[in-house]
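First comes the structure, then the notes that go with it.
Since every read-out is calculated from the coordinates, none of them should be taken as a lab result. Because the structure is a prediction, the values reported are computed rather than measured.
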């Protein structure tokens, strides 16, 4: 059986063979979807890190380590982009957008942790007042 590929100026015409021309595009879309899913799952994990950290010292060290890395990356980005010879492209904009999402996830996680901490303090304060009132009535 003869192969039905026809070459035109060095390019292979695959329409004659019946090959699915959209297969590479579909494959690329799936890879993009996998990358985006991984990215959002990663952002969710970054959000959860400060929220589910059990102890204060671990939370402090995690905040200093991860927050320090984020600050270092942002300082480097601002330093590089502020140079007069800087000519950023699509990649630099996309990188900044990714870092904005990661930083926002981290800050939201810190805000949720802080809010939970305030609620816990207020709850303990209310319980302590109730115990004091109960002691005053009994004593």
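Observations on the model:
- Note on residue 117 and residue 129: the extension gain reaches 2.5 nm, defined as 0.36 nm multiplied by sequence separation minus the Cα-Cα distance.
- Cα gyration tensor, the range 38-139 - rounded (a/c under 1.5), prolate or oblate: prolate
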